[in-house]
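Reviewing the structure listed below.
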Amino acid sequence: MSQSGSMPEMTKEMQECVNACMACHNACEEAISACMQMGGAPSMQIMSAVMDCSEMTRMCADMMMRRSPMAAEMCAMCAKICDMCAEACMTMPDDPIMMRCAEACRRSAQMCRAMTAAAM
């Protein structure tokens with residue numbers, strides 16, 4: 001932070017990444033609920049990836065919003081977790097909730113990679 005205590009302006013790209021992370025978080029929460037209703041070992045493995053992704057995307061968005069100096073590193077990790085979650089969701093191609101989650105994960109991963117490259 002500067003001496004005056006003001007934070008730098010959030011760029012359009014940062015806001016788009018925050019929005020993508022929050023959309024992914026919401027899709028993951030919906031997928032977690034769906035997995036809990038399905039039960040069984042396969043959905044438990046998928047649910048683990050989805051839960052990690054849900055938490056990571058929320059935390060990543062929070063860190064960007066408060067301009068954390070670790071936000072770029074968090075975005076890099078978030079992109080990896082979103083990619084893993086998308087792959088897990090793709091193992092259930094007939095489930096529309098899981099396909100929406102995979103799509104949201106891919107978008108979030110793409111936006112996070114862009115933020116990492118921009119090095120906030």
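Structure notes:
- All of (1) open to solvent by 40 Å² or more (accessible area, probe 1.4 Å); (2) modelled with pLDDT of 80 or more; (3) closer than 20 Å to Ala117 by Cα hold for Pro8 with one exception: (2).
- Region 30-54, residues that are among the small types (Gly, Ala, Ser) and surrounded by fewer than 16 Cβ atoms within 10 Å (Cβ to Cβ): Ser33, Gly39, Gly40, Ala41, Ser48
- Long-range neighbours under 8 Å by Cβ, at least six apart or interchain, first residue free of Cβ contacts under 8 Å to residues at least 60 places away in the same chain and farther than 21 Å from Asp83 by Cβ within region 50-69, second basic (Lys, Arg) and part of a helix (DSSP H, G or I): none
- Complete set of residues in region 61-96 that are open to solvent by less than 90 Å² (accessible area, probe 1.4 Å), more than 16 Å from Glu13 (Cα to Cα), at pLDDT 95 or above and among the aliphatic types (A, V, I, L, M): Ile81, Ala86, Ala88, Met90
- Pairing each residue of region 89-109 that is farther than 14 Å from Asn26 by Cα with any residue that is among the basic types (Lys, Arg) and not in a loop (DSSP other than H, G, I, E, B), provided the two are 6+ apart or on different chains, yields C-beta distances under 9 Å for Cys89/Arg100; Ala109/Lys80.
The values are calculated or read from the model by the stated rules, or taken from the named source; none is laboratory data. What you are looking at is a predicted structure, and each value in this text was computed from that prediction instead of being measured. Reconstructed Cβ throughout: ideal geometry from the backbone, glycine too, with neighbour counts over all protein chains shown. Keep in mind that these areas ignore ligands, DNA and RNA; they rest on the heavy atoms of the full protein, side chains included. Shrake-Rupley method; radii C 1.70, N 1.55, O 1.52, S 1.80 Å.
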